[in-house]
Ligand code: PLP
């Protein structure tokens, strides 16, 4: 029965991490995996989260099941974080991190729109296609990244969306686009939302980096503008990176459906969760809820988020300057124009291979660089390596 199983082509990013871990060279640098590291090269424990943990959050009492949709206080706190104040008509459920939010949203939508296709930016996070194809969607792409300019292909995106059938689902990254780091400006978002509104399309926002581009509220702008316009939409939130709680699997799915009966909407989301993993994990959500709902902890967390964002900006500026000095005449402006943890470098397969074999610098095959893996102790080595393979 099981003798013809196809081999699983390991996730290329996680596979590269295994090769990196096995590399005995002391000077190796991992720019592959999407994890925020601090200046010391460590995954940080945020002080706001540590304080909640030390205050005993999540540690008291027996471990009981959470409600299928998650706890009410957590859902309220997340609703305000993502949608702002006065967003009571948005139905939020807790999920198993961002991936779980995408999966619950996909399963829910498949029930409501059984024949709809989902349109994703080209390129996008590799798991997007797998999650939606797994839920039975036809997966298509719309133009996003313009190779010639290294920027956003607004004309390509708008003309592709203009041709879609009403009810088509459109996946969007409101900030810190993974893998390119290229985000639309507010004017470009208006143009996208205009087409979405005119064509009757359904936006599905994936927010994995809220606060890593410009700020918590600024980065939710496109989502909130969509809601302000009265457009129905889904929003998957991940708290893996912005609370540095990767292993706790904390996230949420918000659904804005102005004409829906809210109790029924919640019921359908609960159905999708119940038959998938029954109910969400408790500890990480308790920590996020504690941090968000105390004004002092919330302010402390926002300051920590500002510091992470500031560090990534400094790394980008420094990389831009050092590469400009090493390779005069080349334009590395994209490094400072892009947002968040990732930069599309445009490196070729041969250059990526040379970086790994000659210099111990690990970059995924798309050429995506995780700038959050750089710090004062490794940036010069990486710049020298880049200058060497690019010259
Ligand atoms: N969406 C995007 C765009 C991501 O980059 C990631 C993680 O890398 C996720 C979703 C999934 O996040 P999580 O680890 O919370 O499932």
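The values are calculated or read from the model by the stated rules, or taken from the named source; none is laboratory data. Given the structure is predicted, the values throughout are model-derived calculations rather than measurements. Neighbour counts run over all protein chains shown; Cβ positions are idealised from the backbone, glycine included.
Which of the following residues is under 15 Å from the mean Cα position of the chain (by Cα) and either away from the ligand (no atom under 16 Å from the Cβ) or buried (at least 23 other Cβ atoms within 10 Å of the Cβ) (or both): 190, 173?
173
From the list 270, 259, pick out the single residue that is more than 15 Å from the ligand (Cβ to nearest atom) and either part of a strand (DSSP E or B) or surrounded by fewer than 17 Cβ atoms within 10 Å (Cβ to Cβ) (or both).
On the way: 270 fails: either part of a strand (DSSP E or B) or surrounded by fewer than 17 Cβ atoms within 10 Å (Cβ to Cβ) (or both).
Just one listed residue meets the conditions, 259.
Would the stretch 316-324 turn up any residue that is assigned to a loop (DSSP other than H, G, I, E, B) and within 26 Å of residue 19 (Cβ to Cβ)? Reasoning before the result, please.
First, pick out the residues of the stretch 316-324 that are assigned to a loop (DSSP other than H, G, I, E, B): none.
No, the stretch 316-324 has no match at all.
Within the stretch 72-88, how many residues are in a loop (DSSP other than H, G, I, E, B) and either in contact with a helix residue (DSSP H, G or I) (Cβ under 7 Å, 6 or more places away or on another chain) or on the phi > 0 side of the Ramachandran plot (or both)?
Pass one, the stretch 72-88, residues in a loop (DSSP other than H, G, I, E, B): 84-88.
Then drop every residue that is not either in contact with a helix residue (DSSP H, G or I) (Cβ under 7 Å, 6 or more places away or on another chain) or on the phi > 0 side of the Ramachandran plot (or both), which leaves 84, 86-87.
Count: 3.
Are any residues in the stretch 82-91 in contact with a strand residue (DSSP E or B) (Cβ under 8 Å, 6 or more places away or on another chain) and at pLDDT 95 or above, and if so, which ones?
82, 83, 90, 91
Give the residues of the stretch 105-130 that are surrounded by fewer than 19 Cβ atoms within 10 Å (Cβ to Cβ) and within 22 Å of residue 11 (Cα to Cα), sorted by residue number.
Answer for the stretch 105-130, where residues must be surrounded by fewer than 19 Cβ atoms within 10 Å (Cβ to Cβ) and within 22 Å of residue 11 (Cα to Cα): 122, 123, 126, 127, 129, 130.
Return only the number of the condition from (1) in contact with a helix residue (DSSP H, G or I) (Cβ under 9 Å, 6 or more places away or on another chain); (2) modelled with pLDDT of 95 or more; (3) surrounded by 15 or more Cβ atoms within 10 Å (Cβ to Cβ) that residue 57 does not satisfy.
Result: residue 57 passes all but (2).
Inside the stretch 92-168, counting only helices (runs of 4 or more DSSP H) that do not spill past its ends, which hold 1 or more residues that are out of contact with any strand residue (DSSP E or B) (no Cβ under 6 Å at 6 or more places or on another chain), touching a residue at least 60 places away in the same chain (Cβ under 8 Å) and away from the ligand (no atom under 14 Å from the Cβ)?
Values: elements: 97-112, 126-134, 154-162.
Fully inside the stretch 92-168 and qualifying: 97-112.
Please work out if residue 133 is modelled with pLDDT of 95 or more and buried (at least 16 other Cβ atoms within 10 Å of the Cβ).
Details: modelled with pLDDT of 95 or more: yes; buried (at least 16 other Cβ atoms within 10 Å of the Cβ): no.
No: the conditions fail for residue 133.
Here is a yes/no grid of residues against (1) in a helix (DSSP H, G or I); (2) touching a strand residue (DSSP E or B) at 6+ places or on another chain (Cβ under 9 Å); (3) at pLDDT below 95:
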{"position": "213", "(1), (2), (3)": "no, no, no"}
{"position": "217", "(1), (2), (3)": "yes, no, no"}
{"position": "242", "(1), (2), (3)": "no, no, no"}
{"position": "266", "(1), (2), (3)": "yes, yes, no"}
{"position": "297", "(1), (2), (3)": "yes, no, no"}
{"position": "302", "(1), (2), (3)": "yes, no, no"}
{"position": "313", "(1), (2), (3)": "yes, no, no"}
{"position": "328", "(1), (2), (3)": "no, no, yes"}
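Can you tell me how many residues within the stretch 91-129 are under 19 Å from the mean Cα position of the chain (by Cα) and over 30 Å from residue 289 (Cα atoms)? Don't jump to the end; show me each part of the working.
Initial filter on the stretch 91-129 (under 19 Å from the mean Cα position of the chain (by Cα)): 92-106, 118-129.
Filter once more, so that each one left must be over 30 Å from residue 289 (Cα atoms): 118-123, 129.
Looking only at that region, the number is 7.
Do you know which residues across the stretch 347-391 are within 16 Å of residue 14 (Cα to Cα) and outside any helix (DSSP H, G or I)? I'd like the intermediate steps shown before the answer.
Keep residues of the stretch 347-391 that are within 16 Å of residue 14 (Cα to Cα), which gives 356, 361-370, 373.
Result: 361, 362, 363, 364, 365, 366, 367, 368, 369, 370.
Could you list, in sequence order, the residues of the stretch 202-246 that are more than 16 Å from the ligand (Cβ to nearest atom) and either within 26 Å of residue 316 (Cβ to Cβ) or touching a residue at least 60 places away in the same chain (Cβ under 8 Å) (or both)?
Within the stretch 202-246, 202, 214, 215, 216, 217, 218, 221, 224, 227 qualify.
Within the stretch 79-90, restricting attention to residues that are within 13 Å of residue 217 (Cβ to Cβ), away from the ligand (no atom under 16 Å from the Cβ) and in contact (Cβ under 8 Å) with a residue 40 or more places away in the chain, which residue is farthest from the chain's Cα centre (by Cα)?
To start, the set of residues in the stretch 79-90 that are within 13 Å of residue 217 (Cβ to Cβ) comprises 80-85, 87.
Imposing the further condition that a residue be away from the ligand (no atom under 16 Å from the Cβ) reduces the set to 80, 83-85, 87.
With in contact (Cβ under 8 Å) with a residue 40 or more places away in the chain added as a condition, the list becomes 80, 83-84, 87.
Working: 80: 19, 83: 17, 84: 19, 87: 22 Å.
That would be 87.
So is residue 71 more than 27 Å from residue 190 (Cα to Cα), touching a strand residue (DSSP E or B) at 6+ places or on another chain (Cβ under 8 Å) and surrounded by fewer than 17 Cβ atoms within 10 Å (Cβ to Cβ) or not? Steps first, please.
Values: more than 27 Å from residue 190 (Cα to Cα): yes; touching a strand residue (DSSP E or B) at 6+ places or on another chain (Cβ under 8 Å): yes; surrounded by fewer than 17 Cβ atoms within 10 Å (Cβ to Cβ): yes.
Spelling it out, residue 71 is indeed more than 27 Å from residue 190 (Cα to Cα), touching a strand residue (DSSP E or B) at 6+ places or on another chain (Cβ under 8 Å) and surrounded by fewer than 17 Cβ atoms within 10 Å (Cβ to Cβ).
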